[in-house]
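The values are calculated or read from the model by the stated rules, or taken from the named source; none is laboratory data. As the structure is a prediction and not an experimental result, all values here were calculated from the model. As a convention, Cβ positions derive from the backbone with ideal geometry for all residues, glycine included, and neighbour counts pool all protein chains shown.
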Amino acid sequence: MNRSTLTVVLARLVLLCLLVFASSGAKWTWTRINGSCPSSCLCSVDDSLLAVGNCSGKNIDEEQLSEQIDSLLSSNLTYLTHGHLEQFWISNTPVCHLPPSVCRLTTLRVLLLHNNSLTRLPDNCFTNLTALTLLAADFNRITKLQVGVFDGLNKLETLYLNNNNVTELQDGIFASLRMLEVLVLSNNERRRFVAARRVLHVSSFFSFFCWFLATYSIKFYIIGFVSSCCVQ
């Protein structure tokens, strides 16, 4: 197994371990937190992690659920942001927009938004999350990445956006991510990727994405059916 293949396998295993832990019922506790977990969901908290997920039941009101999560964060904001909270997870829920209080969790290093119904990432949010090193918004319904959405993420190293409905990559969309090493964009629409290739007059997807990686100094990536061909 060559180095690039091993990198792919290891990255996938790390994400799989995170998601299995997030979706398992192990060690679900609820201490030192004011308020209550949304009734349709499971919640967990420890010294550095807060998770809300695995919401089940018929006719869950997405807006109400989002408000409940936002209220939970707001009522504990002082505790959560005084060096305590490094990871926040919302996974396996019908939430279609990020609760505003997430943008005030300034000590976060990991934000996992796996398998929800998000249609876009919020504007003027990540500028507050300057400590973030991993952002996973995979398995959602995101259709567009607006210019400036990643501004402020100067320490971000890993970005998962796979399994969404992104149809285009705006010019400069990743320009502010100077520390980015892992980018996963697989299983998105690729119409604009084709257009970008033609504008650049490159002859293949392989050439286009090698150019793309070199431009942004990305060390490892998975984009559609082309993966890890240009590990730096």
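Residues 56, 75, 23: which one is polar (S, T, N, Q), over 22 Å from residue 106 (Cβ atoms) and at pLDDT 75 or above?
Working: 75 fails: over 22 Å from residue 106 (Cβ atoms); 23 fails: at pLDDT 75 or above.
When all the criteria are applied, what remains is 56.
Read through the list (1) surrounded by 18 or more Cβ atoms within 10 Å (Cβ to Cβ); (2) over 12 Å from the mean Cα position of the chain (by Cα); (3) of a type in the set (A, V, I, L, M), then give the number of the only condition that residue 132 fails.
Residue 132 satisfies all of (1) surrounded by 18 or more Cβ atoms within 10 Å (Cβ to Cβ); (2) over 12 Å from the mean Cα position of the chain (by Cα); (3) of a type in the set (A, V, I, L, M) except (2).
So, in the stretch 158-185, of the ones that are within 19 Å of residue 103 (Cα to Cα) and in a loop (DSSP other than H, G, I, E, B), which residue ends up farthest from the chain's Cα centre (by Cα)?
Checking each candidate, the answer is 176.
For the stretch 44-136, please list each of the strands (runs of 3 or more DSSP E) lying entirely inside it that holds at least 3 residues being closer than 22 Å to residue 182 by Cβ. Walk me through how you get there before you give the answer.
Numbers: elements: 49-53, 87-91, 110-112, 134-136.
It comes to 87-91, 110-112, 134-136.
Select, from 106, 143, 119, the only residue that is over 21 Å from residue 188 (Cα atoms) and among the polar types (S, T, N, Q). Please lay out each step first, then the result.
Working: 143 fails: over 21 Å from residue 188 (Cα atoms); 119 fails: over 21 Å from residue 188 (Cα atoms).
Step by step, each of 106, 143, 119 is checked, and only 106 is over 21 Å from residue 188 (Cα atoms) and among the polar types (S, T, N, Q).
Only one of these conditions is not met by residue 141: (1) farther than 18 Å from residue 85 by Cβ; (2) at pLDDT 95 or above; (3) in contact with a strand residue (DSSP E or B) (Cβ under 7 Å, 6 or more places away or on another chain). Which number is it?
(3)
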